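See structure below.
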Amino acid sequence: MEIFTSIIALAAIFLALKFISDEIEESATALAIKIKIPASVAGATLLAIASSAPEFFTATNSAIFFRVFEIGLQTIVWSAIFNVLVIFGFSSIFAKKNLKLPKKGIGRDLLFYLATILFLAFAIFDGNISRTESVALIVFYIFYIAVLFFGKKEFDENEKLEKINQENWKIFFTFTGGISAIGFLCHSMIENGLSLAENLNLPIAVISALIFSIGTSLPDLFLSVAAAKKGNGAGAIANIFGSNTFDIAIGLGIPILIVGQTEVEKSQINSSITLLFLSVLFVAFMIFQNWKTSKIKGFLSLSAFFIMITWFLFTNIN
């Protein structure tokens, strides 16, 4: 009975997260237009906050309230793998035609994202993450934003925000109320997930990779597929890497900055980071071929995710 209750609760939480994330993202777009933030900068700041809030609060709650940082770490890494492979896959499959992808924008974001992954791998090499390393992650992200801002003239012609008009009061209440609600929902998600893991005798890493990461990534998936159906390649694919950079640099940097040096289970997270690195290289290889999506690439991407998650589960479930 407890297992069934936890599953129903998690399903309800994920539906609520999707609805609230959609509302926040709409308000974030409206705010970016009002204050005239360049599209590339908005995508990596306001829109990243909106789309990555579930991952951020999962990491923050797990570190501060549950003292199990592994939950947030595995969730963010596997959410990134999901975003790279599954979002690319479904967007490519459901697009009415092959999507043309912006070379400069994707090349820029991919370079920074790979650097972020390598820095994370270096940070956990000794089995812990320190406040100094968390500050370095945050500073690196600020540098990334600076590059986006000063390069706005070069990139923005291919990166347009969808026109959305909202009253200032609605933007304010949607942001503050929505972010608060996501924080509460993620806390409840972790409670129910840990209960499910205990009742099924599953490792935390498995629950984080299989449930938390996918559940928190669903809002991004639906938004990207919607953009792909409209023929917006930049909106569907190009923001994946920038959003994932936010997840690692800020989603992991802020919690460690708050709680201080934290130990990590190297054996499990090292395999997850290796799979993340391979997933990025795999999708990058397909993109670099002709800078277009295709249904074949989409199915290959989904197959790669299935193989990776199956291997991870097989090696981590006793």
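Read-outs throughout are calculated quantities, based only on the coordinates presented, and are distinct from any laboratory measurement. The shown structure was predicted, so the numbers you read here are calculated from the model rather than taken from an experiment. Virtual Cβ from ideal backbone geometry, glycine too; neighbours counted across all protein chains shown.
Nearest 20 debye, what's the magnitude of the dipole of the chain about its Cα centre given +1 on Lys and Arg Cβ and -1 on Asp and Glu Cβ?
Values: 22 positive and 22 negative charges, 281 e Å.
Rounded to the nearest 20 debye, it is 1340 debye.
How large is the helix-only mean residue ellipticity at 222 nm for the chain, computed as the sum of -39500 (n - 2.57) over DSSP H runs with n ≥ 4, divided by its residue count, in deg cm²/dmol to the nearest 500?
Rounded to the nearest 500, it is -25500 deg cm²/dmol.
Where does each of 306-316, 195-205 land if you order them by average Cβ count within 10 Å, highest first?
Numbers: 306-316: 14.9, 195-205: 17.1.
Ranking the peptides 306-316, 195-205 by packing returns 195-205, 306-316.
In what sequence do Thr132, Thr116 fall when counting other Cβ within 10 Å, fewest first?
So the ranking, lowest neighbour count to highest, is Thr132, Thr116.
Stretched out fully, how many nm does the piece from Lys34 to Gln166 gain, at 0.36 nm a residue minus the Cα gap?
On the way: separation 132, 0.36 × 132 = 47.52 nm, distance 0.91 nm.
Length gained between Lys34 and Gln166: 46.6 nm.
Could you name the lysines whose alpha carbon sits less than 20 Å from that of Lys297, not counting residues in the same chain fewer than 8 places away?
Lys96, Lys97, Lys100, Lys103, Lys229, Lys230
Using only alpha carbon pairs under 8 Å that are at least six residues apart, calculate the relative contact order of the range 2-316 and give it in whole percent.
On the way: 462 pairs, mean separation 131.3, N = 315.
Rounded, it is 42 percent for the range 2-316.
Using only Cα atoms, tell me the angle between helix 266-290 and the longest principal axis of the chain; keep it within 0 to 90° and round to the nearest 10.
So the inclination is approximately 20 degrees.
Given Ala50, Thr75, Ile296, which one lies farthest toward the positive end of the charge dipole of the range 2-316, if we put +1 on the Cβ of every Lys and Arg and -1 on the Cβ of every Asp and Glu?
Ranked along the dipole, the leading option is Ile296.
What relative contact order, as a whole-number percentage, does the range 167-318 give when Cα pairs under 8 Å and 6 or more residues apart are counted?
On the way: 41 pairs, mean separation 37.7, N = 152.
That works out to 25 percent.
Quote to one decimal, in nm, the extra length available between Ile317 and Ala16 on full extension: 0.36 nm per residue of separation minus the C-alpha distance between them. Present the calculation step by step, with values, prior to reporting the outcome.
On the way: separation 301, 0.36 × 301 = 108.36 nm, distance 2.94 nm.
Extra length from Ile317 to Ala16 when fully extended: 105.4 nm.
What are the trypsin sites (Lys or Arg not before Pro) within the range 197-302 that DSSP puts in a loop, where the Cβ has at most 15 other Cβ atoms within 10 Å?
For trypsin sites (Lys or Arg not before Pro) across the range 197-302 that sit outside H, G, I, E and B with at most 15 neighbouring Cβ atoms in 10 Å, the list reads Lys230.
I want to verify the translational diffusion coefficient of the range 2-316 in µm²/s; compute it with Stokes-Einstein, Rh as the Kirkwood radius over Cα pairs, at 20 °C and 1.002 mPa s.
Value of D from the Cα-based Kirkwood radius: 110 µm²/s.
When the chain is modelled as a GNM with alpha-carbon springs shorter than 10 Å, which of Thr58, Thr75, Thr45 fluctuates the most?
Thr45
Quick one: helix 103-123 against the long Cα principal axis of the chain, what's the angle to the nearest 10°, folded into 0 to 90?
20 degrees
Using only Cα atoms, tell me the angle between helix 168-200 and the longest principal axis of the chain; keep it within 0 to 90° and round to the nearest 10.
The angle comes out at about 30 degrees.
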